[in-house]
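Encoded as structure tokens, the structure appears first; notes follow it.
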Amino acid sequence: MHNTDSGAQRALSQPRFTVVIPAFGAAQTIGSAIRSVLSQTEQGFEVVVVDDGSVDDTAERARSFTTDPRIRVLEQPNKGPAAARNKGIAGGSGEYVAMLDADNLWLPEYLQMMGAALDAAPAAPFAYTDAWVFDDETKTVQRRSAMSYTRPPERVADGRTFFLQLLERNFVHTSVTARRSALETVGGYDDSLWTGEDWDLWLRLTRAGGPPVRVSPRLAIHRTSPDSLSTDAALMIRNVCEIYRRFLDDPGTDAEARAIAERRLAYWTAMSRRREKPTRAWRLRGLAAATKHKLLARRKWLEQPPEAVERTLRAAGELDREVPAGS
């Protein structure tokens, strides 16, 4: 059982972790995210919630937690998640900066294990973990992890190999804990990107330094909901293409990385065109995929969440929370 009061005093004097939570229209989930931080076995943290121009009562709900002196709420006009994260990073002082989206959760050991991984690998710019997938409407948990479809490598190779693998595809979940010094070296998030901003940052961090540390088991819970920004596929594809174009425009990009960027840009450009003007074959493939998804839906979800996941969801108030119709 952790001592919250002593943890708060320790974090105030010299926080080991700055937890950054960008929030836009997150009134229904911000409380759960904060509660999952307060339940951490590692209590040496400060929390900076950045309300990114919400029109609901996200900021007010976050402020209800500020009786704990480790928690602060900053506000800004709507500038996007990258700008909100940068504001949160600048508003804290922890050696390690841990990113938590306002609709996601951490298992209680998240900070403890990420900190231990970074302590043991001083050349690593960040530590990352995979996440359980939690359906906001059905309150069920998926068998496969959030990043399983991206085929994350089992082992972290040397920094160069990791960077090239990551340039092929993003297999790093958003719940990352990074060294503040590494973030400062590359300038933080690119606030011109509204999606893919995390992948862009991971690429710049690994291009500039050693390989990150992958921490197992899954220590985060990724919430799926129909209105998530990440569901805007067209915007996602545009930003993926923009990131590849930037590598191609950069004179410092070597031949091997350039070849990957050219090939993947061609793939995503063709994908964008097919979405804009789908052929009959493309539509039939999409229909077949949707049918297969429905047939396999029952096998996709666990009948009962793993014990640690269920405890985390209950402690955060998720299994008792009703989702308003149309949310």
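What single numbered condition from (1) within 26 Å of Gly196 (Cα to Cα); (2) of a type outside the set (Lys, Arg); (3) touching a strand residue (DSSP E or B) at 6+ places or on another chain (Cβ under 7 Å); (4) assigned to a loop (DSSP other than H, G, I, E, B) fails to hold for Val48?
(4)
Working only within region 46-100, note down all residues that are of a type in the set (A, V, I, L, M) and over 17 Å from the mean Cα position of the chain (by Cα).
Hits for region 46-100 are Val55, Ala59, Ala62, Ile71, Val73, Leu74, Ala90.
Of everything in region 143-158 that's crowded, with 18+ Cβ neighbours inside 10 Å and not β-branched (Val, Ile, Thr), which residue is modelled with the lowest pLDDT?
Selected residue: Pro152.
Please give the number of the condition Arg61 fails out of (1) touching a Gly at 6+ places or on another chain (Cβ under 8 Å); (2) in contact (Cβ under 8 Å) with a residue 40 or more places away in the chain.
(2)
Looking at region 234-246, is at least one residue in a loop (DSSP other than H, G, I, E, B) and exposed (fewer than 14 other Cβ atoms within 10 Å of the Cβ)?
no
With the condition kept exactly as written, say whether any residue in region 175-183 is aliphatic (A, V, I, L, M), in a helix (DSSP H, G or I), within 16 Å of the chain's Cα centre (by Cα) and within 30 Å of Lys79 (Cα to Cα).
Yes - at least one qualifying residue is present in region 175-183.
Can you pull out the residues in region 128-156 that are over 18 Å from Glu168 (Cβ atoms) and among the β-branched types (Val, Ile, Thr)?
Thr129, Val133, Thr138, Thr140, Val141
Answer with yes or no whether Tyr96 is in contact with a Lys or Arg (Cβ under 7 Å, 6 or more places away or on another chain), among the aromatic types (Phe, Trp, Tyr) and at pLDDT 95 or above.
So Tyr96 passes the test.
Condition test on Trp202, is it assigned to a loop (DSSP other than H, G, I, E, B), out of contact with any Ser or Thr (no Cβ under 6 Å at 6 or more places or on another chain) and surrounded by 14 or more Cβ atoms within 10 Å (Cβ to Cβ)?
In short, no.
Return the residues of region 184-198 that are part of a helix (DSSP H, G or I) and buried (at least 21 other Cβ atoms within 10 Å of the Cβ); say none if nothing qualifies.
Glu197, Asp198
Answer yes or no as to whether Thr29 is among the hydroxyl-bearing types (Ser, Thr, Tyr), buried (at least 23 other Cβ atoms within 10 Å of the Cβ) and in contact with a Lys or Arg (Cβ under 9 Å, 6 or more places away or on another chain).
yes
Can you tell me which residue among Ala102, Ala124, Ala157 is over 22 Å from Arg70 (Cβ atoms), touching a strand residue (DSSP E or B) at 6+ places or on another chain (Cβ under 7 Å) and of a type in the set (A, V, I, L, M)?
Within the list Ala102, Ala124, Ala157, the selection yields Ala124.
Take the conditions closer than 24 Å to Ile34 by Cβ, of a type in the set (Asp, Glu) and in contact (Cβ under 8 Å) with a residue 40 or more places away in the chain and apply them to Glu168. Does it pass?
Spelling it out, it is not the case that Glu168 is closer than 24 Å to Ile34 by Cβ, of a type in the set (Asp, Glu) and in contact (Cβ under 8 Å) with a residue 40 or more places away in the chain.
Kindly indicate the residue of region 232-245 that is of a type outside the set (A, V, I, L, M, F, W, C) and modelled with pLDDT under 95 and also farthest from Ala208 (Cα to Cα) among those meeting that condition.
So the residue we want is Asp232.
Which one is nearest to the chain's Cα centre (by Cα), of the residues in region 160-174 that are under 14 Å from Arg214 (Cβ atoms) and in a helix (DSSP H, G or I)?
Out of the qualifying residues, it is Leu166.
Sort out which residues of region 50-82 are surrounded by fewer than 24 Cβ atoms within 10 Å (Cβ to Cβ) and small (Gly, Ala, Ser), and write them in order of number.
Of everything in region 50-82, those that are surrounded by fewer than 24 Cβ atoms within 10 Å (Cβ to Cβ) and small (Gly, Ala, Ser) turn out to be Gly53, Ser54, Ala59, Ser64, Gly80, Ala82.
So, Arg298, is that one under 28 Å from the mean Cα position of the chain (by Cα), assigned to a helix (DSSP H, G or I) and either within 16 Å of Val141 (Cα to Cα) or modelled with pLDDT of 60 or more (or both) or not?
Yes, satisfied.
The values are calculated or read from the model by the stated rules, or taken from the named source; none is laboratory data. Quick caveat: nothing in here was measured; it's all calculated off a predicted structure. Counting neighbours? That spans all protein chains shown, and the Cβs are built from the backbone with ideal geometry, glycine included.
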